[in-house]
Structure formats: C-alpha cells, structure tokens
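For reference, the structure is listed below as structure tokens.
Taken together, the values in this text are just the output of simple stated rules run on the coordinates, not laboratory data. Predicted model, so just to flag it, every value in this text is computed and none were measured. Using ideal geometry, Cβ is built from the backbone for each residue, glycine included, and neighbour counts are taken over all protein chains shown.
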Amino acid sequence: MERVHERENRANCCPHADLRLRDLSYGLNRSEQHHNHGIYCVSKTDEREPAFDWVGPLASIQWTLFAKAGSTIRLSKLEEAKNYRIGGYRGDVMTTYLEEKGFNVSAISTNGLNARRLEQDQIDLWVADGLAGPYLAADASDVTDLEQVLVFRETPMYLAVNKNTDPDILKALNQSFQALVNSGEIKTISRAYGF
C-alpha cells in the first residue's frame with residue numbers, strides 16, 4: 001500500500017510529459033502556439049529567441065557539409081560551396097542560413113533522405129549536423145558511407161519552451177538542467193553521445 005500511495009503522490013505533484021517525434025517546422029510551430037509545449041533540440045536564433053523560453057544549452061551541433069562516398073568535392077571555405085546543389089532540412093537553422101546567404105539549397109521535410117539524394121546525384125552536398133547526419137543517413141536511407149567535406153560553424157542547442165508555459169514547469173526544467181550541470185552528469189552524457 002505504501003508504494004502505491006507514493007506513486008499516486010508523485011503523479012499528482014509532477015506533470016505528465018508526452019514526447020513525440022515531429023517534423024522540425026511542425027514541432028516549432030506547435031510549440032510556439034501551445035502552452036506547456038516545447039521542442040528539443042533547436043538552435044536559439046535571433047528570429048526564434050523572443051518566441052520561446054530557453055533551457056540549456058544542452059549540446060552543440062557542427063554545421064557540416066557532406067558528400068557521397070568517393071566524391072571529388074574538396075572545400076576549404078564555405079563560399080566555395082556556392083558552386084554546388086545543397087540538400088537541406090526544411091525549417092532547420094543550417095538550411096535557412098545557407099538559403100539567406102544565396103546558396104543553391106533544395107530543402108525537404110525528411111532530412112535523412114538527403115543521403116539518398118546524394119547517392120542519386122540529385123544534390124552534390126548535404127548540410128547536416130556532423131554527428132546526427134551519418135545516423136540519419138543510415139536510419140532513413142541505409143547510407144553508411146558519407147564524406148565530411150567541411151565543418152563551417154558550431155552552435156549550441158536548447159529546449160525551446162512556449163512562452164505561456166506554467167512557470168512551475170519552466171522552473172523545474174531549468175532546475176533539473178542546472179542539477180545535471182552541477183553534478184557533471186551533462187558532461188558525461190555529452191561524451192557518451194559525442195557532443
């Protein structure tokens with residue numbers, strides 16, 4: 001009886017979290033429009049910053065251009081990529097950055113499929129996170145042999161939380177994150193996953 005009672009008390013004092021895998025654009029829009037919603041893990045850009053409360057930074061991403069295996073493409077600076085067709089992920093900060101800088105970007109809503117597009121010569125390069133890109137390629141397209149051509153930037157990633165979220169929930173999220181930082185656990189997690 002005591003254990004059941006403890007579980008009931010915990011359930012009453014702690015909010016239920018419902019996690020869902022969503023397309024980035026959809027997830028950002030939904031999180032911005034619904035209280036007590038958030039999206040993990042996104043870059044804090046000048047455009048996004050006022051729309052959310054932010055928890056983190058949780059990790060960092062390396063903005064990376066990938067080519068298919070055996071590619072002869074070699075880049076020493078980002079500007080050289082303007083001569084190529086670049087696949088991107090619709091709504092992603094890296095894709096948006098390249099589009100705004102005048103690069104030839106073709107964005108789709110299923111990021112991992114860009115690896116298949118590389119293999120089929122529909123694009124020459126793919127912009128993705130240096131760590132997540134190969135995982136996405138293998139998971140969505142069964143592509144396991146990408147070539148990293150250029151890392152051109154690194155940015156921190158956050159949990160973006162709707163501005164109308166219950167202040168107690170936001171406080172709990174920030175306190176939990178700070179506890180991970182203070183204990184050193186955040187570094188352990190980052191090392192384990194290569195961040």
Whole-Hz couplings from phi, Karplus 6.51/-1.76/1.60, listed for region 36-42; x for Gly and Pro = 6, 10, x, 9, 10, 10, 10
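Net charge around residue 85, counting only other residues with Cβ within less than 12 Å of its Cβ (Lys, Arg = +1; Asp, Glu = -1)? Intermediate results must be reported in sequence, preceding the final value.
Numbers: positive: 82, 117; negative: 121, 124.
Once positives and negatives cancel, what remains is 0.
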Spin-label model distance (nm) - residue 172 vs residue 100, 7 Å beyond Cα toward Cβ | 3.5
Taking only the alpha-carbon positions of the chain as identical scatterers, the Debye log10 I(q)/I(0) at q = 0.16 Å⁻¹ comes out as -1.06
What percent does the relative contact order of region 97-195 come to when contacts are Cα pairs within less than 8 Å and at least six residues apart?
-> 19
Cα→Cβ-extended label distance, 7 Å offset, between residue 21 and residue 180, nm = 1.9
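Taking 25 Å as R0, compute the FRET efficiency from the Cβ-Cβ separation of residue 49 and residue 84 and round it to 0.05.
Working: r = 31 Å, r/R0 = 1.24.
Once rounded, the FRET efficiency stands at 0.20.
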Enter the Cα centre distance for the pair region 119-195 and region 9-79, rounded to the nearest angstrom.
-> 7
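According to the square roots a ≥ b ≥ c of the eigenvalues of the Cα gyration tensor, what is the shape class of region 78-163, taking rounded for a/c under 1.5, prolate for a/b larger than b/c otherwise, and oblate for the remainder?
Values: a/c = 1.61, a/b = 1.17, b/c = 1.38.
Oblate, because a/c is 1.5 or more while a/b does not exceed b/c.
Net charge within 12 Å of residue 50 by Cβ-Cβ distance, Lys/Arg positive one each and Asp/Glu negative one each, not counting residue 50 itself?
Numbers: positive: 44, 48, 163; negative: 32, 46, 47, 49, 53.
Residues close to residue 50 contribute a combined charge of -2.
To the nearest 500 deg cm²/dmol, what mean residue ellipticity at 222 nm is calculated for the chain from DSSP H runs of n ≥ 4 alone, each contributing -39,500 (n - 2.57), summed and divided by the residues? Each step should come with its number before you reach the end.
Numbers: 7 runs with 73 residues, N = 195.
Taken over the chain, the calculation gives -11000 deg cm²/dmol.
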To the nearest 0.05, the calculated FRET efficiency linking residue 142 and residue 77 through their beta-carbon distance, R0 being 25 Å, is 0.20
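How high is the relative contact order of the chain, in percent, counting Cα pairs under 8 Å that sit 6 or more residues apart? Walk me through the numbers on the way to the answer.
Working: 310 pairs, mean separation 66.4, N = 195.
Answer for the chain is 34 percent.
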Formal net charge of residues neighbouring residue 178 (Cβ-Cβ distance under 15 Å; K, R +1; D, E -1) = 0
